[in-house]
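Written out below as structure tokens is the structure these notes cover.
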């Protein structure tokens, strides 16, 4: 059975969108060490996205390339979780300006990498040998990202009154978006049936344990959630993705095929 | 091993990492294999980290060396098994130390990661101390989990006060 292209794009888009978001901190990090950390995390994520886009392009054949997949698809064609496209601050409309909030950045990186360590671990057994190889590489990188974000989550949550309040606000804001992890998109269903993808639902107890343990150490409370579940992974995004892609794709679209 | 394969290894032997010019690509485990196939000679390289920006330079260096030596070969990037610092020779580790970079001080087990718990990095465990490459003291602290390149972290020696790079076990 062939590898569902949409499944590879889902994994790749997750990585490229969060990589682009986190790269916004480059030159603006709260401290020099964290500026470097976020740039390094972005480098890993964009590297993972490249490998996945290359694999998708290879399977698509024709004139598909990694650059075309990254730069010449519109927002409705992106398959990333909505969580990853949100700006580094609380809920505001897309055109509103606000200071970047490092607690939002850290909480998101933690929630995402806590999922992805399990996803990559499982995908090492994918029936697609290229995806299995990418998973084995990405697992190492993601484990380090998890280590980094969990460390800061605890420092902020169990820190000062101000850092605790900001970390709790970020958890309250972002946690509802993680509900999207547990629904099954058609691409995920097809990938699981072909033994190429893994059933994310089965990872939920492990993710819950990891998240609850970290939140407890950080003296943070996990909010209850009963509400709307986002659908970024089937192409229904928030308004924030278009702004992000506008910046990421602008150069490639203004000067198609440019090299330097 | 054929003489052509030997010649390719010899040609590529002087090539070093663009960011760490004291260790060769072979010693770092980036240059993985040279093999003879029905389609000709293949040189296999593997990236350290997915987004390592030095990979483009490394591939160019390999091609240029082959061209200069008049050897026709294809350069192939292979991901599996995933690169690990466990492949680094003791000789390479000593070179890193002499250059001022603390080498990885523990092994990572299986390169594939299949039998390694994914949670091993999660808990803040007391890890074995990293020795300062300048004075050898193990009285050191991490100043940043991320450093000047993807493969390194920043440390500081509390005895000689020197800051230093640490090549992360990976």
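Across the range A:1-68, C-alpha contacts under 8 Å between residues 6 or more apart give a mean separation that, scaled by the residue count, equals a relative contact order of 37 percent. Packing-based ranking of B:77-83, A:212-218 yields B:77-83, A:212-218, ordered from highest to lowest mean Cβ neighbour count within 10 Å. Mind checking the angle between helix B:90-99 and chain B's longest principal axis? C-alpha axes, 0 to 90 degrees, to the nearest 10. On a 0 to 90 degree scale, this one is about 60.
Sorted from greatest to least, the principal axis extents spanned by the alpha carbons of the range A:22-178 come out as 55, 35, 31 Å.
Working from Cα pairs under 8 Å separated by at least six residues, relative contact order for chain B is 18 percent. Sorted ascending by nearby beta carbons within 10 Å, beginning with the fewest, A:120, B:87 become B:87, A:120.
I need the shape label for chain B. Rule: rounded when a/c is under 1.5, else prolate if a/b > b/c, else oblate, with a, b, c from the alpha carbon gyration tensor. Verdict is prolate for chain B.
In this rough spin-label picture, where each label sits 7 Å from Cα along the Cβ direction, the residue B:37-residue B:89 distance is 2.6 nm. Taking a point 7 Å out from the Cα of residue A:161 in the direction of its Cβ, none of the residues of the range A:88-105 has a backbone N less than 17 Å from it. Among rounded, prolate and oblate, which fits the range B:26-93 when a ≥ b ≥ c are the square roots of the eigenvalues of its C-alpha gyration tensor, a/c under 1.5 means rounded, and a/b larger than b/c means prolate? Cα axes put the range B:26-93 in the prolate bin. Contact order, relative form, for chain A: 26 percent (alpha carbon pairs under 8 Å, 6 or more residues apart, mean separation divided by residue count). For the protein assembly as shown, the square roots a ≥ b ≥ c of the C-alpha gyration tensor eigenvalues yield an a/c of 1.5 or more together with a/b not exceeding b/c, which makes the shape oblate. The Cα atoms of the range A:136-201 define a convex hull whose projected area, averaged across directions, is 5.7 nm². Taking every residue in B:134-145 and counting other chain Cβ atoms within 10 Å of its Cβ, the average works out to 2. Once both labels are positioned 7 Å from their Cα atoms along Cα-to-Cβ, the gap between residue A:99 and residue A:26 label points is 2.4 nm.
Counting only DSSP H runs of at least 4 residues, each contributing -39500 (n - 2.57), and dividing by the residue count of chain B, the helix-based mean residue ellipticity at 222 nm comes to -6500 deg cm²/dmol.
All of the numbers you see were taken from the coordinates with simple rules; none came from a lab. Please read all numbers here as calculations on a predicted model, not as lab measurements. Don't worry about glycine lacking a Cβ; one is built from the backbone with ideal geometry, like all the others, and counts go over all protein chains shown.
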